[in-house]
Amino acid sequence: MKVSEVREKYLEFFKRNDHAEIASAPIVPENDPTTLFTSSGMQPLVPYLLGEEHPAGARLVDSQKCFRADDIEEVGDNRHTTFFEMLGNWSLGDYFKKEQLPWFFSFLVDELGLDPNRIYVTVYEGGEGIEKDTESVEIWKELFASKGIEAKEVHIGSEEDGYTKGMQGGRIFFYDAKKNWWSRSGTPDKMPAGEPGGPDSEVFYDFGEEFADPSYADKELHPNSDSGQFIEIGNSVFMEFLKKEDGSFDTLPRRNVDFGGGLERITAATLGNPDVFLVDVFTPTREKIEELSGKAYVGNENSFRVILDHLRGATFMIGDGVMPSNTEAGYILRRLIRRSVRHADLLGIPEGKLSELTRPFISVYKDHYTNLAEKEEEIVKAIADEEEKFRKTLKSGMKQFEKIEGDISGEDAFVLFTSYGFPLELTLELAQEKGVKVDVDAYKKAFEEHQAKSRAGAEQKFKGGLADDSEMSVKYHTATHLLHRALKDVLGEDVMQKGSNITPERLRFDFSFDRKMTDEEKEEVTKIVNEQIAKELPVTFEDISMEEAKKRGAIGLFEEKYGDTVRVYSIGDYSLEFCGGPHVENIKDLGVFRIKKEEASSAGVRRIKAVLE
Ligand code: SER
């Protein structure tokens, strides 16, 4: 099957079961200073999982664009990608295990036609004061029995004993919290207070022994052993717990289901081959690489996969407004493109051709992600410009690299980054080829010191991706709406929000505008915002149809589909903006708004930093 067919079948299946389809949130979260990327389907839904009412109801379904920067170094095998789409369905205090598990099983077996004999499942064996998940076991047993499969239970043990008990003819495998507990921060002990989580039940697809990594031959296999034979294709989290300050657990106001499944991996299962780079969305780009390089995918998988993964991620990132830079999301994007340049060279792709590889991705995805088509030329140009920029220093950087004798010190690696633009993973790859080591810790230290100096005032980041809803951040969030409206009033309606980042110390707002603002314009914007604050306007929200929101002139970033219900926040009758909150109830306590800096962020994008005093 094609990725688009699996996506549509999933969305339709859950819509038939009374779920409302919601649009994918942007890959770079808006108004969330705590995390660079959306890395799971549940992330944009955290306020609702914690108890807030969702405007679309208690049953939701979507396909969310996700990016996991931590997986950059894993890319090269047949199943890891940095960018992926996560199919997701949620129950916000509505259904629970006895609906969720049969639905997902039926989707796999009845809708996609997967062989139930190839499906293996895992459940939580209990611990941390939470009971063993026997309810899921009973449900799974019945589901397998309905297909004539006797589902034997196996206790695979804990991480300490290495999970080396083997398959033992099992179908349902009990694991500890390391494998069968889900929260954004991992196991229960790592969760900060206020974080939701719960036991989960994962589904693995058995692609066959022939796909098992030979290094696993003498270890015993089990579904979660990452051998390559069994691949996780879906995870139902039974999110009913909230970590308390004292380290124990409370139950959430309502029991939720948070399901996530890798769209490309599920598609790979329908094709019977675990190599996700063989699913249709990669085919046109893969063929283009073959044409440009004169080399075949088979035999050159590593470089092909790096380019396929990284350029797809870069395409989606630029589509969502990120541009290459030396900080934050822009730096990750820069790394993706530069590493692709190096692998394009390894394959012998002619210089300056990398950006051509993005067009096939855009044509594959443009029907579902319409922003890609709208931004096609911008995306192609950004990649071409970055390739050109990197090529100016690549050759001399390679010479510098060759001059280094023996292992690479942190300082050498840092000079390769600052003077020649080599991202760390590129230096690591080159070092590996040369058979030398890199002092990564020393590099990271030097990099962090450098970042701290380039950064205007340390930005406060919060561990675990928890949304920062401190009083000051909430005030800055509301002030951002006033600023957005005032910028449109002063500079024109064409001004569009391009990004926002809020800490308890300041707001940062990126917007499309092609020149420096004059002092008079900055003063005018400041005056308008402060005049509104003086009016002591109330802040309220409404859940209305998107058509209605557009009719009333709501501004802001949104990616909803027609027919969707959306949330809009009003500040008196001054501002109306698409937003999920949170906001102050009245703007009277915001204080005095002051613009501290107005500067270029990237081509055609300006950045304002402002404070409330
Ligand atoms: N949050 C879970 C995951 O990311 C399920 O959606 O796996």
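The values are calculated or read from the model by the stated rules, or taken from the named source; none is laboratory data. Computed from a prediction, not measured in an experiment: that's the story for all the values here. We place every Cβ from the backbone using ideal geometry, glycine too, and count neighbours over all the protein chains shown.
Values as computed for the structure displayed
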| item | result |
| --- | --- |
| Region 288-322: number of residues that are in contact (Cβ under 8 Å) with a residue 40 or more places away in the chain, part of a helix (DSSP H, G or I) and more than 25 Å from the chain's Cα centre (by Cα) | 4 |
| Which numbered condition G572 fails, given (1) surrounded by fewer than 16 Cβ atoms within 10 Å (Cβ to Cβ); (2) of a type in the set (G, A, S); (3) in contact with a Ser or Thr (Cβ under 7 Å, 6 or more places away or on another chain) | (3) |
| Only listed residue being under 20 Å from V75 (Cα atoms) and buried (at least 16 other Cβ atoms within 10 Å of the Cβ), chosen from G330, G397 | G330 |
| Restricting region 42-59 to residues that are crowded, with 20+ Cβ neighbours inside 10 Å and within 11 Å of P196 (Cβ to Cβ), the residue that is farthest from the ligand (Cβ to nearest atom) | Y48 |
| Conditions (1) over 32 Å from the mean Cα position of the chain (by Cα); (2) at pLDDT 95 or above: number failed by L483 | (1) |
| Hey, S201 surrounded by 16 or more Cβ atoms within 10 Å (Cβ to Cβ), touching a strand residue (DSSP E or B) at 6+ places or on another chain (Cβ under 7 Å), within 23 Å of F144 (Cβ to Cβ) and among the small types (G, A, S) or not | yes |
| Count of region 17-41 residues which are within 15 Å of the ligand (Cβ to nearest atom) and more than 10 Å from the chain's Cα centre (by Cα) | 3 |
| Single condition G76 does not satisfy, out of (1) away from the ligand (no atom under 12 Å from the Cβ); (2) of a type outside the set (A, V, I, L, M, F, W, C); (3) farther than 23 Å from L424 by Cα | (3) |
| Count of residues meeting criterion [assigned to a strand (DSSP E or B) and out of contact with any Gly (no Cβ under 9 Å at 6 or more places or on another chain)] in region 66-88 | 1 |
| 3 or more residues touching a helix residue (DSSP H, G or I) at 6+ places or on another chain (Cβ under 7 Å) and either within 16 Å of the ligand (Cβ to nearest atom) or hydrophobic (A, V, I, L, M, F, W, C) (or both): qualifying strands (runs of 3 or more DSSP E) within region 100-211 | 119-124, 196-206 |
| Given (1) among the β-branched types (V, I, T); (2) touching a helix residue (DSSP H, G or I) at 6+ places or on another chain (Cβ under 9 Å); (3) over 25 Å from E5 (Cβ atoms), index of the condition I231 fails | (3) |
| When residues of region 255-277 are limited to those that are assigned to a helix (DSSP H, G or I) and over 22 Å from the mean Cα position of the chain (by Cα), the one farthest from S106 (Cα to Cα) | L271 |
| Tally, over region 231-267, of residues that are touching a residue at least 60 places away in the same chain (Cβ under 8 Å), away from the ligand (no atom under 16 Å from the Cβ) and not polar (S, T, N, Q) | 3 |
| Sole residue being within 18 Å of K178 (Cα to Cα) and part of a strand (DSSP E or B), chosen from L242, L252, L221 | L242 |
| Residue check for D226: over 30 Å from G169 (Cβ atoms) and either within 16 Å of the ligand (Cβ to nearest atom) or not in a strand (DSSP E or B) (or both) | no |
| Set G162, G170: member being small (G, A, S), more than 23 Å from the chain's Cα centre (by Cα) and exposed (fewer than 15 other Cβ atoms within 10 Å of the Cβ) | G162 |
| Criterion (surrounded by fewer than 20 Cβ atoms within 10 Å (Cβ to Cβ), of a type in the set (V, I, T) and within 24 Å of S470 (Cα to Cα)) met by exactly one of V605, V584 | V584 |
| Residue check, V605 touching a strand residue (DSSP E or B) at 6+ places or on another chain (Cβ under 8 Å) and either over 30 Å from A329 (Cα atoms) or without any contact (Cβ under 8 Å) to a residue 60 or more places away in the chain (or both) | no |
| Selection count, region 563-613, where residues are more than 30 Å from H54 (Cα to Cα) and either in contact with a Pro (Cβ under 6 Å, 6 or more places away or on another chain) or among the charged types (D, E, K, R) (or both) | 9 |
